[in-house]
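Reviewing the structure listed below.
The values are calculated or read from the model by the stated rules, or taken from the named source; none is laboratory data. Note that the structure is predicted; figures quoted are calculated from it, not measured. Neighbour counts run over all protein chains shown; Cβ positions are idealised from the backbone, glycine included.
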Amino acid sequence: MADTTQSLAARFKPDWAWGAILAIPAVLAVLAPEALWPTVEFAGGAIAHTGLFIIFAVLAVAYMKATGAENLLARAFEGREVRMIVLAALMGGLSPFCSCEVIPFIAAMLAVGAPLSAVMAFWLSSPLMDPAMFLITSGELGLGFAIAKTLSAVGLGLFGGFTVKALARSALFADPLKTAPAQSCGCSSSASSCSTDKPFSGDVVWKFWPDPTRRAIFRATALENILFLGKWLLLAYLIEALMIRYIPADLIAQVLGGSGFKPVVLGALVGAPAYLNGYAAVPLVAGLLEQGMSAGAAMSFVVAGGVSCIPAAIAVWALVKPRVFAAYLGLAVTGAIIAGLLWGVVAV
């Protein structure tokens, strides 16, 4: 409970995202007053449009945390290696948990001999999709895109897991774990609270409300998530409004539009360094699509960016040696390009 309270208090602290939310209208008021109200109106209307999805997302994550359903994740790392890879990819693509929350869990699994293939499957799929992300993506980009991204997340996990299994005896993946893993915390696609104390241990209690401690976790997680989602989505909608107003559509269409291999590769290469946050990326991609970005490039952008964003990457860098980390990034970009090419064909 102390960890939850501490994490909640941290959400109230000012950061650069809140500063940017305040700075954008202030700068517009001085430099372009004619754009101030349209920008604010656009962002407010977008927040109202996705409000229902945000509420469902917040309640879903809070329920999962309060019941302890995250403890089911440990079962993905039991049994035969092929089974572990498949379950790890599925659990990673569906679990609503922060990247830092799984660091000690993964460290423990590697230390006791869990295969790197299953760990890699989970690492690659976990930053990309969760229940909250699915609802918001569906509301902003459509149900088809949300389903495709979910399948891409699981597919990327399977691709990475079985690739590592095939190369397990090579020098690339030999002795992968650092001797002293760092404990670093930073949330990625999930907005859930971070805890590193005995991760994924304990019972699952689906009827949590009779327990005052679990009720407190539900309230704290719900409030934390509404602040997290509200912050990133509001910032993203403000940026989207500016992007639509000031970036020529012809430029986006020229660089990332059209069909074929090139826009998909560029989408993956641009998404890797440009990604801020999984939730913020959704409205930004919607704006890019309006400006002429191809469907395939949009998919490669969100897949490559989600896996390579700083919080997700830190969770991997904290535990493994640089060569394994490089393989993680290489698998992510390759899988993103494949996902973009496939979605480009399906979405036509």
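Every listed requirement among (1) within 16 Å of Val303 (Cα to Cα); (2) surrounded by 24 or more Cβ atoms within 10 Å (Cβ to Cβ); (3) among the small types (Gly, Ala, Ser) is met by Ala118 save one, (1).
One residue is enough: does the stretch 161-179 have a residue meeting the conditions of a type in the set (Lys, Arg), modelled with pLDDT under 50 and more than 30 Å from Leu342 (Cβ to Cβ)? No, every residue in the stretch 161-179 fails to be of a type in the set (Lys, Arg), modelled with pLDDT under 50 and more than 30 Å from Leu342 (Cβ to Cβ). Out of all the residues in the stretch 210-247, which are free of Cβ contacts under 8 Å to residues at least 40 places away in the same chain and either assigned to a loop (DSSP other than H, G, I, E, B) or touching a Lys or Arg at 6+ places or on another chain (Cβ under 8 Å) (or both)? Scanning the stretch 210-247 gives Pro210, Asp211.
Considering the stretch 75-94, the residues that are surrounded by fewer than 17 Cβ atoms within 10 Å (Cβ to Cβ) and at pLDDT 80 or above include one that is farthest from Val154 (Cα to Cα), namely Arg80.
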